[in-house]
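The values are calculated or read from the model by the stated rules, or taken from the named source; none is laboratory data. Please read all numbers here as calculations on a predicted model, not as lab measurements. When we count neighbours, we look across all protein chains shown, and the Cβ atoms used for this are built from the backbone with ideal geometry, even at glycine.
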Amino acid sequence: MPGWELINNREKRELNSIFEKSNGVMFAHAFEKRRNNIFRVRKFEKAVAKFLGVRYCLATTSGTMAQFIAMKAMGVKQGDEVITQSFTFVATVEAILLLGAKPVISNVDDSLNMSPKDLEKLISKKTKLIIPVPMLGNPCDMKKITEISKKYKIPILEDACESLGAKYKKKFVGTHGKVGVYSLDFAKTITTGEGGLIVTNDKNIYKHCMEFHDHGHENNKTRPRGKDTRTIWGLNLRMTELQAAVGLAQLRKLNFIRKKNKINKNFIKNKIKFNKQIEFRRINGDGDLSDTLIFFLKNKKIASKMENYLIKNKIGIKNLPNAIDWHFAGNWSHIFRHVSLYKKNFRTKWNKSRNYLERAIAIPIFVKYSYKDLNHISNKINSFFK
Ligand SMILES: Cc1ncc(COP(=O)(O)O)c(C=O)c1O
């Protein structure tokens, strides 16, 4: 599952090189001589862009801030409506609120991602942006979502925070819209402890993101940093060299993670698929990240029983149903208290989504599962139904 499983001497070596080769320069800019002209954040961004096949990549402090910066660069402002989905992490909606925009929230379907049908119903004259969220490694139905985006001329920002490495129709998730963002926090496909990435092929959006995340610095190569040119103001949302060093080592492991995920997920899936009581989450396309195996049970009561049974048997669960409070909009009283659109009806508004989510079980797929682990998980799931 996540990159933390594979942290070893390679990350340590990259970190050490900051001290051995760059005299401890942890800042992404300037100090050319002292750092021996080694710029790790820049190198990491280039490597990610190459891996994903996009022109531009910007590293930042978190996935939440990556989304905030990107939305700002795409022109989202106070009063605009931004459509996203009811199953996501709170961060997607928090970033929208931080810009003073209005989150408009769609149901999810049996893929647990944005329902394209619902999306189209929610479009209004005020819609500025569509944010599909490929959750737990499953790509969104980008064919239909892109058709809707083109029909109404509304751009897409993919919140691919949970799905770096997944593909939809042979193209990486996060590279289907105008902009994509990823998280590098400790539970993600690869990690830098905390961190985020913005990717795009749009030069103007990249330029705006780059300047905004660095107090407006244009990084004008003809000037020293203290005399740098600027036209916009911004904030400090920069990644450090420490994070990028770890990121460089982690990125080299991404293809291995993708490959192992698939093998391990398919092993369990093939062993439990004969249970008539199990219905697997629908996967859009065939390139999911496979870091989670999700299935639906008949109802919430059975799902809750299975949750306890799995915990008792020392089998991990990932977000569903144990962390649903953080991932389902129908439970966010602390957020919708402040959003007039949903103040009164947020608990029942997405009942269709609730129905899928409350009877779902998500099994994390670890890269380092042994044959014994995989058999244990599969056998336990099977014996639950006996
Ligand atoms: C779907 C989604 N969006 C955004 C985020 C926020 O990322 P970060 O934790 O890097 O801020 C996360 C992280 O869990 C996420 O899962």
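Can you name every residue in segment 173-195 that is within 10 Å of the ligand (Cβ to nearest atom) and of a type in the set (Val, Ile, Thr)?
Selection gives 181, 191, 192.
Scan segment 111-162 for residues that are farther than 21 Å from residue 78 by Cα and of a type in the set (D, E, K, R) and jot them down.
Scanning segment 111-162 gives 117, 118, 120, 121, 141, 143, 144, 147, 150, 151, 162.
Scan segment 54-69 and report the pairs whose first residue is among the basic types (Lys, Arg) and whose second residue is more than 7 Å from the ligand (Cβ to nearest atom), with Cβ atoms within less than 8 Å and a gap of 6+ or a chain change.
The qualifying pairs are 55/49; 55/200; 55/201; 55/203; 55/206.
Considering every residue within segment 130-145, establish whether at least one is more than 18 Å from residue 340 (Cβ to Cβ), over 13 Å from the mean Cα position of the chain (by Cα) and touching a residue at least 60 places away in the same chain (Cβ under 8 Å).
Taking every residue of segment 130-145 in turn, at least one turns out to be more than 18 Å from residue 340 (Cβ to Cβ), over 13 Å from the mean Cα position of the chain (by Cα) and touching a residue at least 60 places away in the same chain (Cβ under 8 Å).
Which members of segment 115-141 meet the condition of being among the aliphatic types (A, V, I, L, M), buried (at least 21 other Cβ atoms within 10 Å of the Cβ) and over 23 Å from residue 265 (Cα atoms)?
119, 129, 130, 131
Mind telling me which of the residues 55, 40 ends up being assigned by TED's automatic domain parsing to the domain that holds residue 194, among the charged types (D, E, K, R) and surrounded by 24 or more Cβ atoms within 10 Å (Cβ to Cβ)?
40
Show the residue pairs that are 6+ apart or on different chains and have beta-carbon atoms under 6 Å apart, the first residue being within segment 280-299 and at positive phi, the second being crowded, with 18+ Cβ neighbours inside 10 Å and of a type in the set (Ser, Thr, Tyr).
285/168
Are any residues in segment 148-172 within 16 Å of the ligand (Cβ to nearest atom) and either out of contact with any helix residue (DSSP H, G or I) (no Cβ under 8 Å at 6 or more places or on another chain) or without any contact (Cβ under 8 Å) to a residue 60 or more places away in the chain (or both), and if so, which ones?
Passing the criteria: 156, 158, 160.
Please indicate, with yes or no, whether at least one residue in segment 209-217 is under 16 Å from residue 95 (Cβ atoms), away from the ligand (no atom under 14 Å from the Cβ) and either touching a His at 6+ places or on another chain (Cβ under 7 Å) or not in a loop (DSSP other than H, G, I, E, B) (or both).
Yes, some residue in segment 209-217 is under 16 Å from residue 95 (Cβ atoms), away from the ligand (no atom under 14 Å from the Cβ) and either touching a His at 6+ places or on another chain (Cβ under 7 Å) or not in a loop (DSSP other than H, G, I, E, B) (or both).
Which condition breaks for residue 77 when tested against (1) more than 22 Å from residue 140 (Cα to Cα); (2) crowded, with 24+ Cβ neighbours inside 10 Å?
(2)
Scan segment 310-351 for residues that are touching a residue at least 12 places away in the same chain (Cβ under 8 Å), more than 22 Å from the chain's Cα centre (by Cα) and exposed (fewer than 15 other Cβ atoms within 10 Å of the Cβ) and report the count.
Final tally of qualifying residues: 6.
Inside segment 131-143, can you point out the residues that are away from the ligand (no atom under 15 Å from the Cβ) and either touching a helix residue (DSSP H, G or I) at 6+ places or on another chain (Cβ under 6 Å) or part of a loop (DSSP other than H, G, I, E, B) (or both)?
Matches in segment 131-143: 141 only.
Against the definition (in a loop (DSSP other than H, G, I, E, B) and either touching a residue at least 24 places away in the same chain (Cβ under 8 Å) or closer than 30 Å to residue 79 by Cβ (or both)), how does residue 369 come out, yes or no?
Here the answer is yes, as residue 369 does meet what is asked.
Looking for whichever is of a type in the set (Lys, Arg), part of a loop (DSSP other than H, G, I, E, B) and under 19 Å from residue 183 (Cβ atoms) here; the options are 318, 314. Which one fits?
Just one listed residue meets the conditions, 318.
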